[in-house]
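No lab work stands behind these numbers, since they all come straight from the coordinates. Only a predicted model underlies this, so the values are computations on that prediction, with no experimental measurement involved. Cβ atoms come from the backbone with ideal geometry, glycine included; neighbour counts cover every protein chain shown.
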Amino acid sequence: MSADVATAPLRRAPLAGMAIFIASESIFFLAIVAAFIALRGSGLATAKTELDIGRTFVFSLFLFASSATMTIAERRRSQDGWLWLVVTAALGAVFLTGQGLEYLRLLGTGVSPRAGMFGTTFFTLTGLHGLHVLVGLCAIVALVIAARTRRAALRYTAWEAVAWYWHFVDGVWVVVFSVVYLGTLLG
């Protein structure tokens, strides 16, 4: 058995760990989405009058675009991948800023986590997603720093793990946006 074959599972262990983490977080988000759906009837009128679907769609496009730039970063890791990571982080930061502005606007209208089931489930679901975006941004920044300062020591699995997480965060937002915002239009 060659040394490469013997050490291959060790090099893939971080990805197995990330896969398990993403699977557990998927179940967690599924439960919160299910709670939102089950409880949304009582807050549908509030959602229809208070949610700014168009504006949220615009800042969602920044997050969706960041998934593409993350893919480019991963593919170009040995050239200018770090620069594409910076673009990805900037797009993610625009999304978080948009989410924060939406929160401020909603709080100004009286919609809050304590103002009924809609507010509670809305802020829980979107807030937890925002927290995951923030964690992803921290991971991207750490990867940029490593790519700039320790390029030779940086393994491809680090790029893969961060990319997997970022695509997961993006995928969760597709579900959240569809259920919360588009579901409000159709409800």
Notebook entry, point to check: If the Cβ limit is 9 Å and pairs must be 6+ apart or interchain, which residue in region 172-187 that is within 10 Å of Thr126 (Cα to Cα) pairs with which residue that is not in a helix (DSSP H, G or I)?
Noted result: Val180/Leu51
Check: What number of residues within region 80-126 are surrounded by 15 or more Cβ atoms within 10 Å (Cβ to Cβ) and among the charged types (D, E, K, R)?
Finding: 1
Notebook entry, point to check: Taking the condition without any contact (Cβ under 8 Å) to a residue 12 or more places away in the chain and not in a loop (DSSP other than H, G, I, E, B), does Ala47 pass?
Noted result: no
Next item on the list: Taking the options Arg77, Arg55, Arg40, name whichever one is charged (D, E, K, R) and surrounded by fewer than 15 Cβ atoms within 10 Å (Cβ to Cβ).
Entry: Arg55
Next item on the list: State all residues of region 155-166 that are assigned to a helix (DSSP H, G or I) and farther than 21 Å from Ser24 by Cβ; if no residue qualifies, say none.
Entry: Tyr156, Trp159
